[in-house]
Amino acid sequence: MKVCVVGSGGREHALAHVLSRTAEVVVTPGNPGIPGSVPTPPEEIDADLYVIGPEAPLVDGLADRLRAAGRTVFGPGADGAQLEGSKAWMKDLLVSAGVPTAQHGTFTEAEPALAFLDTMTPPFVVKTDGLAAGKGVVVTESLTEARNAIGDYLSGQAFGDAGRTLVIEEGMTGPELSVLAICDGTRAVPLAPAQDFKRVGDGDAGPNTGGMGAYSPVPAVDDELLATVMRDFVEPTLAELQRRGIDYRGVLYAGLMLTPEGPKMLEYNVRFGDPETQVVLPRLTSDLAQLLHDAASGNLSSPPTFDDGAAVTVVCAAEHYPASPRTGDPIDGIEAASAIDGVTVFCAGVGAGAEGGLVTAGGRVLNVTGQGATLAEARDRAYAGVAKISWPGLHHRNDIASSAAGE
Ligand code: AMP
Ligand code: GLY
C-alpha cells in the first residue's frame, strides 16, 4: 500500500515512521528531517490512502477535494471538521447529542455577551469560535480581563474573523483527559490513552503551548473510564454527526475535564494530537496503514492493539518559544540520540541549513521519544536522548511523566 501523509510536523513524522512499518510512505510537504518528504501537492500524488495531519487543511475541505477525485482519505470533510473549526457549532452538536459539557452562550455582539458574562461565576471562560492556533481561549478569575477579551475578540483585533463570533462558557475544574478514537463514519475504536503537558515550564509554569511533552499509557485512565468516554461522549457524537448527514472518517480527539460532577467535554479536535501521536503510535502492535485504510473505507473491523510498555516524548523547543521562537540555529546530536536503544527522534520545526545539516525552523523543533518496559524506563531513555541534542537556546521541560512514573 502507498500512503500519502499531509503535513510537516512531528505528528506527521511519527505517522510516517509507524506507517512505513507496513506501507510505502510519502509526506507532503514534510520537512528536511522526515524521510520521504516531497514538495508535490497531495492532489498530484497517486496513493492508495491519504492521511491528513493538521486541522487547517481539514477545515478547508482538502479531504472533500481528494474524495471527489475518487481517493481514499483518512480525515473528515469540511462538514465534520467544523467540530474543531467552530466552537459554537461543536457546542450545539454536543447539546443535540446529549453529551455533558459546560453551559455556554454564543455571541456576535458585545452587549448581550457582557450581560451573559455578568450571570457567570469565576473562573470566566471566553473562546473564539474559529481556529486560533490553540490561543483563542481565556480562562480567568478576573471579570475585567474577561470583559476585555470580549472586546478584543469581537472587534477582530485579537484573532481576526476567528473571534468575531465567540463562546462564553461556565468555568470547570478538574484534571484533563484526552481520548482519541478512530472513526469510520459509524463505528469508533479508541487508541491507547495519552497525557500531554500544555504549559511551557516545569510544574505547569508559564504560558500555554501546543504541547511540551506527552506519555502513554496513563495510569489514571483505566478501561472503565475509557469505556465510559466512548459510550457517553464519542459514540453519541458520532451518532449525531450521522443524523446530520456527516460521514465522519478520521480521528475524533475528545478533550475532557474530570469535574466533581463527572466527566464533561471541553473540546473536540478532528485530528491526531501533537505530541500525543509521538507516544501513542510507536506503541502500536497492529498494522496502522490497514487500520486507517479500513476507517477511510468505512470498514473498521478489529480495534488496534498496543504493547504493554510505555512511551514518553519530550519536546525540544527553540529559544523564546512560545512567544517568538528564534529560527535558523544549527541542530546537533540527532544521530547520537537516535543511536540510544529505545529512542526515536521526530522532526517537527526543522529546516535545511545553508551548509547542510538541519536548523531550527519553528517553535517546537524536535520530539524525542523514549520507549521502555515502564514509564520510568521510557522517561529515562527520552531524557538520555534529549541530553545528546543541542542548539543555542534549546529548552525543554524536565518533568514530563515524572509523577506518572512515580518519581
Ligand atoms: P480548548 O481549546 O477549548 O480545549 O481550551 C484550551 C484549554 O483551556 C483547555 O485545555 C482547558 O485547560 C481550558 N478550558 C477550556 N474550557 C474551559 C472551561 N469551560 N473551564 C475551565 N477550563 C477550560
Ligand atoms: N496536544 C494538543 C493538541 O494536539 O491539540
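The values are calculated or read from the model by the stated rules, or taken from the named source; none is laboratory data. Small disclaimer: the values here were computed from a predicted structure and weren't measured. Virtual Cβ from ideal backbone geometry, glycine too; neighbours counted across all protein chains shown. Just so you know, the surface numbers come from the protein's heavy atoms only, side chains and all, with ligands and any DNA or RNA stripped out. Shrake-Rupley method; radii C 1.70, N 1.55, O 1.52, S 1.80 Å.
For the range 337-384, compute Rh as the Kirkwood radius over C-alpha pairs and then the Stokes-Einstein diffusion coefficient at 10 °C and 1.306 mPa s; write the answer in µm²/s, rounded to an integer.
Details: Rh = 11.7 Å.
D, rounded to a whole number, is 136 µm²/s.
Please give the FRET efficiency for ALA239 paired with ASP332, using the beta carbon to beta carbon distance and R0 = 56 Å, rounded to the nearest 0.05.
On the way: r = 51 Å, r/R0 = 0.91.
It comes to 0.65.
On the basis of the beta-carbon distance and an R0 of 30 Å, THR285 and ALA56 show a calculated FRET efficiency of 0.40. Bridging of LYS264 to aspartates and glutamates at a Cα separation below 15 Å is possible for ASP92, GLU169, GLU170, GLU176, ASP232, GLU235, once same-chain residues fewer than 8 apart are set aside.
The alpha carbon centroids of the range 219-238 and the range 41-79 are separated by 28 Å.
Summarise the accessible area of the range 284-407 (1.4 Å probe, protein heavy atoms) by the percent that is carbon and sulfur. Solvent-exposed carbon and sulfur of the range 284-407 make up 48 percent of the total. Take the chain, connect every pair of alpha-carbon atoms lying under 10 Å apart with a spring to form a Gaussian network, then pick out the residue of GLU12, GLU224, GLU170 with the largest mean-square fluctuation. Highest fluctuation among the options: GLU224. Sorting the Cα pairs of the range 1-76 by distance into bins of 10 Å, from 0 upward, gives 22, 59, 19, 0 percent per bin. Remark: C-alpha extents of the range 227-359 on the principal axes read 55, 35, 31 Å, sorted largest to smallest.
Given labels modelled 7 Å from the Cα in the Cβ direction, how far is it in nm from SER96 to SER390? It is 5.7 nm.
What is the diffusion coefficient of the range 235-292 in µm²/s, taking the Kirkwood radius over Cα pairs and the Stokes-Einstein relation at 4 °C with a viscosity of 1.567 mPa s?
Details: Rh = 13.6 Å.
Rounded to a whole number, D works out at 95 µm²/s.
Anisotropy class assigned to the range 47-185 is prolate, per the alpha carbon gyration tensor with a/c at or over the 1.5 cut-off and a/b larger than b/c.
Share of Cα-Cα pairs in the chain beyond 26 Å, in percent? Write down the numbers at each step before the final one.
Working: 44240 of 82621 pairs.
More than 26 Å apart: 54 percent of the Cα pairs in the chain.
Note on the range 13-127: along the principal axes its Cα atoms extend 56, 31, 26 Å, ordered by decreasing extent.
Across the range 216-297, Cα pairs under 8 Å and at least six residues apart give a relative contact order of 23 percent. Highest average first, the peptides 139-152, 313-326, 364-377 ordered by how many other beta carbon atoms sit within 10 Å of their residues are 364-377, 313-326, 139-152. Calculated accessible area for the chain comes out at 39 Å² per residue, all protein chains present (probe 1.4 Å; ligands, DNA, RNA ignored). Once you keep just the Cα pairs under 8 angstrom separated by 6 or more residues, what percentage relative contact order results for the chain? It comes to 17 percent, rounded to a whole number.
About its Cα centre, what dipole magnitude does the range 100-160 give when the only charges are +1 on Lys and Arg Cβ and -1 on Asp and Glu Cβ, stated in debye to the nearest 20? Spell out each step's value before the answer.
Values: 3 positive and 7 negative charges, 39 e Å.
Around 180 debye, computed over the range 100-160.
Only helices enter this figure: runs of n ≥ 4 DSSP H residues, each worth -39500 (n - 2.57), summed and divided by the residues of the chain, yield -7500 deg cm²/dmol at 222 nm to the nearest 500.
Divided by 2.2 N^0.38 Å, where N counts the residues, the Cα radius of gyration of the range 155-224 comes to 1.50.
Using Cβ point charges alone (K and R +1, D and E -1), the dipole size of the chain about the Cα centre works out to roughly 380 debye.
Using a/c under 1.5 as the rounded threshold, could you call the range 287-407 rounded, prolate or oblate? The axes a ≥ b ≥ c are square roots of the C-alpha gyration tensor eigenvalues, and prolate needs a/b larger than b/c, oblate otherwise. Present the calculation step by step, with values, prior to reporting the outcome.
On the way: a/c = 2.12, a/b = 1.41, b/c = 1.50.
Verdict is oblate for the range 287-407.
Measuring nothing but protein heavy atoms, the accessible surface of the range 1-158 at 1.4 Å probe radius is 51 percent carbon and sulfur.
For the range 271-359, give the magnitude of the charge dipole about the Cα centre (Cβ charges: +1 Lys/Arg, -1 Asp/Glu; no others), in debye to the nearest 20.
Numbers: 3 positive and 12 negative charges, 56 e Å.
The dipole magnitude comes to about 260 debye.
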